[in-house]
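Quick notes on the structure that follows.
The values are calculated or read from the model by the stated rules, or taken from the named source; none is laboratory data. Here the structure is a predicted model, which is why all the values come from computation and not from measurement. Note: ideal-geometry Cβ built from the backbone for every residue, glycine included; neighbour counts use all protein chains shown. We work out accessible area using only protein heavy atoms, side chains counted, and drop any ligands, DNA or RNA first. Shrake-Rupley method; radii C 1.70, N 1.55, O 1.52, S 1.80 Å.
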Amino acid sequence: MGYNIVSIRSDHDTEFVNVKFDEFCVENGICHNFSVSRTPQQNGITERKNRTLEDMVRTMLIDSGVPKSFLAKAVNTAFYLINKYMIRSLLDKTPYEFLNGRKPKLNYLRAFGCKCFALNNGKEALEFDAKSDKGIFLCYSSQSKAYKVYNKKTRYVEESIHVIFDKSHHSSGKDSHDRMIKMVTSQRSMVRL
């Protein structure tokens, strides 16, 4: 985006206190500040963001019934929703609005863990085999405009734009979509406090 990071602040946890990260900061001219150990109040914004993220992920996993082995995909989905749809209180805009000058669309959003069918695109299949496999929606692709789906038949996570979502399934219907929008909206009001 053409901006350089001038400084960052982190606590003394091991993920940020290591030689590789120090070298990265020096190479890029970033000043790395540390807060005092075991004082989350010094990292208030970060701690609140982490709490929001944890609450969203917990809610998504419980509501969908998806196994905890898909925790990373739930975190990716929550990050996606936070970065695109949560209003920043000082700007009164979402990050997407701030960067693009328009409100984001909501019509392609799906509930985490909803039942879906992914097209057997390019796979070896006999003439009368099913054209799609049952799957579970997990997250949005960071590389393209596609969905990431756990294919129950192959047991792999696949990216596809050719996905049909089962409207009769409880977690992909209008109620779940409305719950997801309410969750993002309630997180917006929590951030403003």
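Scanning the stretch 36-53 for residues that are open to solvent by 30 Å² or more (accessible area, probe 1.4 Å) and not polar (S, T, N, Q), we see that the one that is farthest from the chain's Cα centre (by Cα) is V36. Pairs are defined by a Cβ separation below 7 Å, a sequence spacing of at least 6 or placement on different chains, a first member in the stretch 70-96 that is part of a loop (DSSP other than H, G, I, E, B), and a second member that is modelled with pLDDT of 80 or more and open to solvent by less than 40 Å² (accessible area, probe 1.4 Å); the pairs so defined are M86/T94; I87/T94; T94/P104. Sub-8 Å Cβ pairs linking a first residue in the stretch 15-38 that is within 12 Å of I5 (Cβ to Cβ) and of a type outside the set (G, A, S) to a second residue that is modelled with pLDDT of 90 or more and in a helix (DSSP H, G or I), at least 6 apart or interchain, are I30/F24; C31/C25; H32/C25, ordered by first then second residue.
Quick check on Y80: is it open to solvent by 40 Å² or more (accessible area, probe 1.4 Å), in contact with a strand residue (DSSP E or B) (Cβ under 7 Å, 6 or more places away or on another chain) and of a type in the set (S, T, Y)? Here the answer is yes, as Y80 does meet what is asked. Within the stretch 13-35, work out how many residues are at pLDDT below 90 and open to solvent by 90 Å² or more (accessible area, probe 1.4 Å). Selection size over the stretch 13-35: 4. Going through (1) modelled with pLDDT of 85 or more; (2) over 24 Å from L81 (Cα atoms); (3) not acidic (D, E) one by one, Q41 falls short only on (1).
Among the residues of the stretch 14-36, just one is within 30 Å of Y96 (Cβ to Cβ) and acidic (D, E), namely E15. The residues of the stretch 34-69 that are touching a helix residue (DSSP H, G or I) at 6+ places or on another chain (Cβ under 8 Å), of a type in the set (A, V, I, L, M, F, W, C) and more than 12 Å from S10 (Cα to Cα), listed by number, are L53, M56, V57, M60, L61, V66. Within the stretch 146-162, the set of residues being among the hydrophobic types (A, V, I, L, M, F, W, C) and open to solvent by 40 Å² or more (accessible area, probe 1.4 Å) comprises V157, I161.
Applying the condition of being open to solvent by 80 Å² or more (accessible area, probe 1.4 Å) and basic (K, R) to the stretch 102-135 and asking which residue is modelled with the highest pLDDT yields K134. Kindly indicate whether any position in the stretch 54-63 is open to solvent by 40 Å² or more (accessible area, probe 1.4 Å) and outside any helix (DSSP H, G or I). No, the conditions are met nowhere in the stretch 54-63. In the set (1) within 30 Å of L106 (Cβ to Cβ); (2) touching a Cys at 6+ places or on another chain (Cβ under 8 Å), C25 fails one condition alone, (1).
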